[in-house]
Amino acid sequence: MSPAIEVSSLTKSYKTSSVALNGISFEIQPGEMVALIGASGSGKSTLLRLLSGLMPANAGSISSIAINGRVIQTHGKVAADIRSSRAHVGLIFQQFNLVDRLSVLTNVLAGMLHRLPLYRTLLGFFKDDEKRLAIEALMRVGIGQCAYQRASTLSGGQQQRAAIARTMVQQAKIVLADEPIASLDPESSRMVMELLTEMNQKDGCTVLVSLHQINVAIKYCPRTIALSHGDIVYDGPTSALSPRLLRELYGVEADELLKESTTTTLDATSVSSTSPEAHSSLNLANVY
Ligand SMILES: Nc1ncnc2c1ncn2[C@@H]1O[C@H](COP(=O)(O)OP(=O)(O)OP(=O)(O)O)[C@@H](O)[C@H]1O
Ligand SMILES: [Mg+2]
């Protein structure tokens, strides 16, 4: 089976800044749930934007990205058939990206647009069974009662759950989430991470989620890819990322990643200590 995500020599620089991604390569297999961590400016959003085909890599570079075995961009050119590759890639953003003035239900139904005929897309005409699927997805994420409200009336946590429902209706095989919990309170953050985990474990989605804090990655993601200044500095089991290793990899930037996140009850002393006992307290089983 082809990797779900295959990245080779991916290079991106923006006109106004130095290199954002420095020729990185990695593979993610179908069914993995992977955290993408790194301090601010390390290249997480840039990588996710490139993977979603929203942006090309550097022109003339040997960069290439394949999704489910299909090349979506190479040498800085996005493939002509990107729309069909993108159909099964669900995107979740920190700021939810719902259309505020539309109902929650219509926002979720938008996840289906890629498989509807053009005239129905243009008319926004949905059949009853399609609406039923969208309501079921909203119930699954726990906000079925909000289906007919305007999206703008939902709390941040509810909006993010609606965005996840849209991805479910899309029948996404790969979910790319860019700091989906960065704007949320602890309880909403927990729910969102648990829904992503459920999509991974029950629906078999491959999930790549960027996070600011290592303790959230430890709790939910077996594997972590860590970026620093556009390079991969670690790619392996999340449980092996001890505070000491993070400090070796990141120096002072490690503090940003070791800051206690709102989603776990990880004890602050265990994350700031560098003793071997403290390292063992970062094992998966002890984080809850
Ligand atoms: N549109 C842009 N134009 C110019 N430079 C950019 C743009 N987007 C990102 N950059 C630069 O590219 C580098 C990587 O940025 P990126 O947004 O990918 O980092 P990040 O890891 O997502 O950071 P954060 O945790 O703050 O979201 C940074 O140096 C940033 O300033
Ligand atoms: Mg970002």
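Each reported figure results from applying straightforward, stated rules to the coordinates on display, with no laboratory input. Source: prediction; values computed, not measured. Cβ placement follows ideal geometry from the backbone for every residue including glycine, while neighbour counts extend to all protein chains displayed.
Taking the range 180-235, which trypsin sites (Lys or Arg not before Pro) meet the DSSP loop condition and have no more than 15 other C-beta atoms within 10 Å?
For trypsin sites (Lys or Arg not before Pro) across the range 180-235 that sit outside H, G, I, E and B with at most 15 neighbouring Cβ atoms in 10 Å, the list reads 202.
Under the Kirkwood approximation applied to all pairs of distinct alpha-carbon atoms, what is the hydrodynamic radius of the chain in Å?
Radius from the Kirkwood sum: 19.7 Å.
With +1 on the Cβ of every Lys and Arg and -1 on the Cβ of every Asp and Glu, and nothing else charged, how large is the dipole of the range 35-184 about its Cα centre, in debye rounded to the nearest 20?
Here the size comes out at about 200 debye.
When the chain is treated as a GNM, springs tying every alpha-carbon pair under 10 Å, which of 149, 171, 159 comes out with the largest mean-square fluctuation?
Top of the fluctuation ranking is 149.
At a Förster radius of 35 Å, what calculated FRET efficiency corresponds to the Cβ-Cβ distance of residue 155 and residue 202, to the nearest 0.05?
E(calc), rounded to 0.05, equals 0.90.
So, with +1 on the Cβ of K and R and -1 on the Cβ of D and E, and no other charges, what is the size of the charge dipole of the range 127-223 about its Cα centre, to the nearest 20 debye?
Approximately 100 debye in magnitude.
Okay, helix-only estimate at 222 nm for the chain: each DSSP H run of n ≥ 4 adds -39500 (n - 2.57), divide by all residues, round to 500 deg cm²/dmol; what do you get?
Mean residue ellipticity, 222 nm, calculated: -9000 deg cm²/dmol.
Grab every C-alpha pair in the range 45-107, bin the distances at 5 angstrom width from 0 up to the longest one, and report whole percents.
Reading upward from the zero bin: 4, 17, 24, 20, 13, 12, 7, 3, 1.
Report the Stokes-Einstein translational diffusion coefficient (µm² s⁻¹, integer) for the range 140-197, Rh taken as the Kirkwood radius over Cα pairs, at 10 °C with viscosity 1.306 mPa s.
135
In Å³ and rounded to a whole number, note down the convex hull volume per residue for the Cα atoms of the range 87-238.
Roughly 119 Å³ of hull volume per residue.
Take every DSSP beta bridge with both residues inside the chain and express the antiparallel ones as a percent of the total, to the nearest 5.
55
Name the residue farthest towards the positive end of the dipole of the chain from the options 62, 102, 72, assuming +1 on Cβ of Lys and Arg, -1 on Cβ of Asp and Glu, about the Cα centre.
Ranked along the dipole, the leading option is 102.
Quick one: compute the contact order of the chain, relative version, from alpha carbon pairs under 8 angstrom and 6+ residues apart, as a percent.
22
Check residue 94: other-chain or 5+ apart residues with amide H under 5 Å from its amide H, H built from backbone geometry?
Those qualifying (amide H under 5 Å, at least 5 residues apart or on another chain) are 178.
Residue by residue through the range 60-74, what is 3J(HN,Hα) from phi via Karplus (6.51 cos²θ - 1.76 cosθ + 1.60, θ = phi - 60°)? Round to whole Hz and write x for glycine and proline.
x, 7, 8, 3, 8, 9, 10, 10, 6, x, 9, 5, 9, 7, 8
Through the Karplus equation 6.51 cos²θ - 1.76 cosθ + 1.60, θ set to phi - 60°, convert the phi angles of the range 172-177 into ³J(HN,Hα) values in whole Hz; use x for Gly and Pro.
Values, residue by residue: 5, 8, 10, 10, 10, 10 Hz.
Beyond a 32 Å Cα-Cα separation, which of these cross-linked pairs lie in this structure: 131/202; 77/173; 12/173; 12/127; 131/219?
Where the Cα-Cα span goes over 32 Å, the pairs concerned are 12/127; 131/219.
Given C-alpha coordinates of the range 1-131, what is the ratio Rg to Rh with the Kirkwood estimate of Rh?
1.02
In debye, nearest 20: dipole of the range 166-254 around its Cα centre with unit charges on the Cβ of K, R (+) and D, E (-)?
220
Report the relative contact order of the range 58-147, percent, no decimals, based on alpha-carbon pairs under 8 angstrom and at least 6 residues apart.
17
Could you run the Karplus curve 6.51 cos²θ - 1.76 cosθ + 1.60 with θ = phi - 60° over the range 222-234 and give me ³J(HN,Hα) per residue in whole Hz, x for Gly and Pro?
So the Karplus estimates, Gly and Pro as x, are x, 10, 10, 10, 10, 9, 9, 6, x, 10, 7, 9, 7 Hz.
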